[in-house]
Every structure is written in structure tokens, then in C-alpha cells.
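Below is one structure, written out as C-alpha cells; the observations come after it.
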Amino acid sequence: MPTKVSHVNEADHDIVTTAVAAAEAHTSGEIVTVVAGKSNDYDDVALVWASIIAFLAMSVIALFPEFYRTLYDRLTGGWGHELTANQWLGTVIAVGVLKWIGMWLILLWRPLRMALTPRSIKAQRVRARAIDLFKVGTEAKTIGRTGVLLYLSLKEHRADIVADEAIAAKVAPEVWGDAMAALVERVRAGRPGEGMAEAVRQMGIVLAEHFPRGSENPNELPDRLIEL
């Protein structure tokens, strides 16, 4: 039986759902809210770091061979035989392999992997995930193409807004800056529900300006907060 995903509590669900309903009361725009634990596993980042550490380890040995030959003699008590060029090369490669495996095992601990992932990569992965979710659940799902997705990725402390074509044609991406700032500030303070609700409120103000509520305003997309 699948385990229910729960990144936020019921109170957070309630305030976000209420904020969406309140915002949509003044606009023909439709706001979809999604929260995810993370946007990516960053396995490729772990592989890159492991490769960098292995390369650096082999490079240091290559740059200071006499030091490591002396260290070898000390470890063997002077009883070790003189390594041939091929044996020395094999030893260097073995050290690199061990370093690679060790670093990869260390980076199985996800918090460290996340900490070593550059901010720019996190931003790209969050954006890519937001676009994927938008295409599946929001794009062209409203009559006037006025759907907009608010996506929050908790582990990265990042969020994104992706809008349908009618909204994107009138609202520049930077207009959502205040909503994003309010959301991220509250997420970092441990209040993700409040952050999403405030972002929705500010999004509603923008949408009401460009897409005011019409005489017919069906609720075409869910108001509830979706957890992934």
C-alpha cells in the first residue's frame, strides 16, 4: 500500500487552499499549488564530486612521487621491493579508485550531496521540475489558458512560477519576484504554508489586474495544495 506523502501539515493545507480560493475570487486566472520534498536526487553531482576527488588524489601523487615513495618505504619498514613503473602506475590508479568509491559512499548521505550541489544547478532542476508539472497538470487546462503553477521544492529552499501562454504574454517573469521572495523567506523560517499563502495572495493581485473576474468564472483547476 503506497505511503501518503506529507511534507506539510493540515493547517498548511487549509491556509493555502483558502488563499487560492480568495485570490481566484477576483480573477479569471487559475492558481495551482504544488509542494515537493525535492526536485531531483542529484546522483550526477555525486558522480562528479567522486571523480574530482579521485583525480585530485592521483594528481597529488603524480606531482610528489618521491614523498609517496618514501611513505611507501616507511609503511613497509624498508622491506618492500622497489616498485616498477607499471606497479607504481597501478598503485596510483588503485588509490584513485578507492578515493572515488569512498567519496561516492560518503555522498550517499543526501544532506551532504545537497550541500555540495551548486545553487545554479538546484535552480535549474527546480525550474525543470516545475515546467514538467505545469505541462502535465496546468498547461491548456483552462478555457482562456489562464492557469498558473506555484511550485515549492523544500529541500532546495526554492520555488518557481510557471504561467500559461495568456498570462505569460502579459506578465513578465520578474513581476512574480515579490511573491517568490515572500515564499522563500517563510520557507527558510520553517513556515512553508504561510509562505505559499502569501505568494498566492500576491499572485492574485497581479492576476486580478490583468485578468479580472468575468461574469462566468468556473473553477477549472483544484484549489487544494498538491503534495508530491
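The values are calculated or read from the model by the stated rules, or taken from the named source; none is laboratory data. These figures come from a predicted structure and were not determined experimentally. Here the Cβ positions follow ideal geometry from the backbone for every residue, glycine too, while neighbour counts run over all protein chains shown. Surface accessibility is based on the protein's heavy atoms, side chains included, excluding ligands, DNA and RNA. Shrake-Rupley method; radii C 1.70, N 1.55, O 1.52, S 1.80 Å.
Measuring only protein heavy atoms, the 1.4 Å probe finds His26 accessible over about 120 Å². Accessible area per residue (1.4 Å probe, heavy atoms of protein chains only) ranks Arg119, Arg201, Arg191, Arg158 as Arg119, Arg201, Arg191, Arg158, with the largest value leading. Working from Cα positions, state the angle (0 to 90°, nearest 10) between the long axis of helix 43-63 and the longest principal axis of the chain. With both axes taken from Cα atoms, the answer is about 30 degrees. Projected over all directions and averaged, the alpha-carbon convex hull of the chain occupies 18.3 nm². With a cut-off of 11 Å between beta carbons, the residues surrounding Glu185 carry a summed charge of 0, where Lys and Arg count +1 and Asp and Glu -1. When Asp164, Asp132 are compared by accessible area of protein heavy atoms, the largest-first order is Asp132, Asp164, using a 1.4 Å probe. Is there a pair in Lys122/Lys170; Lys135/Lys170; Lys38/Lys99 whose C-alpha atoms are over 26 Å apart, and which pairs would that be? Correct reply: Lys122/Lys170; Lys38/Lys99.
Cα axis of helix 10-24 to longest principal axis of the chain: angle in degrees, 0 to 90, nearest 10? With rounding to tens, the tilt is 50 degrees.
Computed with a 1.4 Å probe on the full set of protein chains, the accessible area for Glu156 sits at about 10 Å². Computed per residue of the chain from DSSP H runs no shorter than four, each worth -39500 (n - 2.57), the mean residue ellipticity at 222 nm is -18500 deg cm²/dmol.
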